[in-house]
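**Q** The structure under discussion is supplied below as structure tokens; questions concerning it will follow.
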Amino acid sequence: MVAAVRVHKAGGPEVLTFEEVEVPAPGPGQIRIKQKACGVNYIDTYFRQGMYPSPVGLPFVVGNEGAGDVVAVGPGVTDIKVGDRVAYVTGLGGYAAERVLPADRAVKLPDGISYEQAAGMMLKGMTVQYLINRTFKVGKGTTVLMHAAAGGVGLILCQWANHLGATVIGTVGSKEKADLAKKNGCHHTILYRDEDFVAKVKEFTGGSLCDVVYDGIGKQTFPASLDCIRPLGTFVSFGSSSGPIEAFNINILQQKGSLFATRPTLNNYAAKREDLLKTANDLFDKVGSGAVKIPINQKYPLKDAQRAHRELEGRATTGSSILIP
Ligand SMILES: NC(=O)c1ccc[n+]([C@@H]2O[C@H](COP(=O)([O-])OP(=O)(O)OC[C@H]3O[C@@H](n4cnc5c(N)ncnc54)[C@H](OP(=O)(O)O)[C@@H]3O)[C@@H](O)[C@H]2O)c1
């Protein structure tokens, strides 16, 4: 039996239950790892609330991300061995001292990347990698609007887009978050709880608006985000921390300037093993070279998962949060 955090009934942070669970031996194509750190992500709150149904039913162990040492390998696993340091993004089962996962979802960690860094960046950092390289190609001269710029995905995206030569505008919930976003690559910040972010984007861009908006907020920033995009620009809706965007008439995209809109997820962008490895290796390169830093600003013992969720949903966190088993 190992320590884990399970949900028996969908609900608020109080449904996260710290308890002992049985972890099976790895089956064909699987590995078992002893985790050193588990990532906390906004998606964990969607599963906890039941907004995303659990594919394994109830109860389930929350969490999709972690890093640790391989302690057993199942039949047919050839490229990963006991003792390897690995990290992953995969299906539920993350908030646990040990877990089993498909070997083809694990990535070997380079020496320079710590378990904690890995748990704080695999999901968020690989998301940034595909968002700025594949969903929309960010480069020199691109103007980007990033919502929640001081969040987990936010601080990584601001640094990486800046490194690629973009002008980065970020919305943030407080003055302290604005300072932090500026230290992490944001050129301009907007206090979107007090200021009209569309008006501020017009001001910062001299009216030319942004090439791309990355919106993980959803309900509260839609449709205003569309007014921040130049004609033929791209709206990337990649999350819904304030609630999902309601159904809308697609003609709005024509009215706002023949915009492109997409709702991407890492699952699709890293579905093939070769894409997973390319995405992870690019992230490792950027972090290894120091171009992108992973701010782990909240670290909790595994038993404090409820507090981690309260703080994340209460907008009280910045950068990445991890749980230590
Ligand atoms: N599609 C994908 O592949 C993918 C992958 C990873 C993450 N995501 C999405 O990316 C987004 C960010 O994830 P994260 O884990 O890095 O979280 P996060 O950004 O660290 O936390 C959420 C932030 O959203 C802002 N926010 C605005 N309105 C909010 C509200 N009503 N309630 C709560 N927060 C609100 C808060 O920042 P302020 O106080 O500054 O407003 C808060 O700190 C989420 O929507 C997540 O689902 C998508």
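The values are calculated or read from the model by the stated rules, or taken from the named source; none is laboratory data. None of the values given here were measured: they were computed from a predicted structure. Every residue, glycine as well, gets a Cβ built from its backbone with ideal geometry; the counts of neighbours run over all protein chains shown. To get the accessible areas, we keep the full protein, side chains included, count just its heavy atoms, and leave off ligands, DNA and RNA. Shrake-Rupley method; radii C 1.70, N 1.55, O 1.52, S 1.80 Å.
**Q** Using a 10 Å cut-off on Cβ atoms, rank the peptides 103-110, 233-240, 272-279 from the highest mean neighbour count down.
**A** Ranking the peptides 103-110, 233-240, 272-279 by packing returns 233-240, 103-110, 272-279.
**Q** On to the next question. Peptides 60-70, 282-292, 241-251: what's the order by average Cβ count within 10 Å, highest mean first?
**A** 60-70, 282-292, 241-251
**Q** Moving on. What full-extension length gain, to one decimal in nm, is calculated for Arg273 and Ala291 as 0.36 nm per residue of separation minus the Cα-Cα distance?
**A** This chain segment gains 4.0 nm when fully extended.
**Q** Once you put a point 7 Å from the Cα of Met1 and another 7 Å from the Cα of Arg263, both along the Cβ direction, what distance in nm separates them?
**A** For Met1 paired with Arg263, the spin-label model returns 4.1 nm.
**Q** Note down the nm distance, to one decimal, between modelled labels 7 Å out along Cα→Cβ at Val82 and at Phe248.
**A** That separation, rounded to one decimal, is 5.4 nm.
**Q** Let me ask another. Send over a whole-number figure in Å² for the accessible area per residue of the chain, probe 1.4 Å.
**A** Averaged over the residues of the chain, the accessible area is 42 Å².
**Q** If you line up the long axis of helix 273-288 against the longest principal axis of the chain, both from Cα atoms, how many degrees apart are they, to the nearest 10?
**A** Around 70 degrees separate the two axes.
**Q** Also, quick follow-up: Nearest 5 percent is fine: what portion of the DSSP beta bridges confined to the chain is antiparallel?
**A** 55
**Q** Another question, then. Could you sort 45-56, 164-175 so that the peptide with the highest average Cβ count within 10 Å comes first and the rest follow in order?
**A** 164-175, 45-56
**Q** What FRET efficiency comes out for Ser174 versus Ala25 if R0 is 45 angstrom and r is the Cβ-Cβ distance? Round to the nearest 0.05.
**A** Using R0 = 45 Å, I get an efficiency of 0.40.
**Q** Measure up Lys124/Lys272; Lys219/Lys278; Lys34/Lys182; Lys219/Lys256; Lys183/Lys299 against 25 Å on the Cα-Cα distance and list the ones that go over.
**A** Result: Lys219/Lys278; Lys34/Lys182 exceed 25 Å.
**Q** Here's something else I'd like to know. Give me the distance in nm between label points sitting 7 Å out from Cα along the Cα-to-Cβ direction at His163 and Phe18, one decimal.
**A** With each label placed 7 Å out from Cα toward Cβ, I get 3.5 nm.
**Q** Next question, about the same structure. With all protein chains present, how much of the accessible area of region 19-142 (probe radius 1.4 Å) comes from carbon and sulfur, to the nearest whole percent?
**A** Percent of accessible area from carbon and sulfur atoms in region 19-142: 56.
**Q** While we're here: For the pair Tyr46 and Leu232, what calculated FRET efficiency results from E = 1/(1 + (r/R0)^6), where r is the Cβ-Cβ distance and R0 = 30 Å, to the nearest 0.05?
**A** Efficiency for this residue pair is about 0.45.
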